[in-house]
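Shown next, in structure tokens, is the structure this report addresses.
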Amino acid sequence: MSESIGTEAEVPSWTRATRDFIGKRLPLAHFLPDRQPAYVGSWVYVFGVATIASLAWVMLSGVILAFFGPQWWHVTGLGRFVNSVHFWSVQALFIFMVLHLWGQYFMASWRDGRAPTWMVGVVIWLVMIVTAFTGYLSQQNFDSQWIGVNAKDAINSSGGGAFFNVLNFGQMYGIHVMLLPIGITVLVILHIVQVRAKGVVRPIEGKGRGA
Amino acid sequence: MDSPAGYINWAFISISVPNLIVIGGMVLVFALALILPFPHSTSTKSSKR
Ligand code: HEM
């Protein structure tokens with residue numbers, strides 16, 4: 001009988017290979033830890049969570065805006081309120097993301113095999129800037145026209161004009177409300193999974209007390 | 001919002017007042033995050049040591 005189990009294990013299986021891959025890299029206790037090392041008790045680690053919280057508000061208000069449309073968010077009181085919630089949540093998101101970035105930079109959190117975590121962070125940052133840009137172009141007001149008209153020459157001279165027409169509201173809006181949010185969500189989930197797989201990086205060894 | 005922001009010019013550096021306020025506030029919040037003690041719940045403290 002033990003022989004049959006042995007031969008069974010030899011049979012190639014995508015399912016088993018995936019299970020082994022995940023089980024080795026991210027056991028459930030690592031994925032959902034209920035304790036963290038003492039050095040995680042610092043406000044610096046709150047910036048990442050504050051970024052997620054801001055992102056949640058951006059997504060929630062954005063879904064409501066997409067549902068009711070430009071007419072609603074420009075003309076009605078509630079629409080303007082939700083529009084403002086969306087705008088100011090983005091301001092909070094960028095501020096917390098950059099504070100988080102500063103924290104990880106000064107802790108050199110790319111140490112001990114965490115470079116991919118940092119690099120996914122960089123990609124999130126870049127995608128976020130494009131999202132903010134397409135968001136400004138999606139406002140459907142004079143401000144967005146002004147930004148689009150000014151930006152088109154830079155985009156065209158860089159060759160990006162072959163793919164993006166910043167004066168095309170439908171294209172910018174579709175990218176802003178569909179493609180980029182999905183991309184950001186996937187990247188942020190990946191970022192968190194990366195942090196959970198490795199655990200929070202140990203502090204840099206010092207010569208002073210506590211080292 | 002309909003009038004342009006004031007600007008501070010210092011040698012080759014030129015920055016709008018709103019941008020300077022935001023950056024200054026971020027530096028302040030970052031410094032506070034390093035200085036302020038992080039609250040620990042009493043239950044975890046007693047179980048830890
Ligand atoms: C939407 C944007 C982002 C979100 C929601 C986010 C969220 C998080 C969270 C919750 C953590 C866990 C530890 C902590 O909170 O300090 C973390 C860790 C980390 N983040 Fe981000 N992050 C974002 C952007 C970035 C950016 C722009 C960078 C750098 C370019 C970055 C680099 C890192 C690194 C290196 C770690 C690992 C720290 C460690 O393992 O100790 N993140 N991130």
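What follows draws every value from the coordinates through simple rules; no lab data is involved. On a predicted model such as this, the values are computed, not experimentally measured, just so you know. Counting neighbours? That spans all protein chains shown, and the Cβs are built from the backbone with ideal geometry, glycine included.
In percent, rounded to a whole number, the relative contact order of chain A is 23, using alpha-carbon pairs under 8 Å and six or more apart.
The simple spin-label model puts a point 7 Å past each Cα toward its Cβ; for B:H40 and A:D112 those points are separated by 2.0 nm. Mean-square fluctuations from a GNM of chain A, with a 10 angstrom spring cutoff on Cα atoms, peak among A:S144, A:S109, A:S157 at A:S157. Between B:A31 and B:V17, residue separation times 0.36 nm minus the direct Cα-Cα distance comes to 2.9 nm.
Residue-wise HN-Hα couplings along the stretch A:26-36, as the Karplus relation 6.51 cos²θ - 1.76 cosθ + 1.60 with θ = phi - 60° gives them from phi, are 9, x, 3, 5, 7, 5, 10, x, 9, 9, 10 Hz; Gly and Pro carry x. Using the alpha carbons alone, the radius of gyration of the stretch A:1-113 stands to its Kirkwood radius in an Rg to Rh ratio of 1.24. Which of the chymotrypsin sites (Phe, Trp or Tyr not before Pro) found in the stretch A:158-211 are loop residues per DSSP with 10 or fewer other Cβ atoms within 10 Å of their Cβ? Hits after loop and neighbour filter: A:F163. Label positions at A:W72 and A:A154, each projected 7 Å from the Cα along the C-beta direction, are separated by 3.2 nm.
In the protein assembly as shown, helical runs assigned H by DSSP with n ≥ 4 each contribute -39500 (n - 2.57); averaged across all residues and rounded to the nearest 500, the mean residue ellipticity at 222 nm is -21500 deg cm²/dmol.
Expressed as a fraction of 2.2 N^0.38 Å, the C-alpha radius of gyration for the protein assembly as shown is 1.30. Under a Gaussian network description of chain A, with springs only between Cα atoms under 10 Å, the residue in A:D143, A:D34, A:D112 that fluctuates furthest is A:D34.
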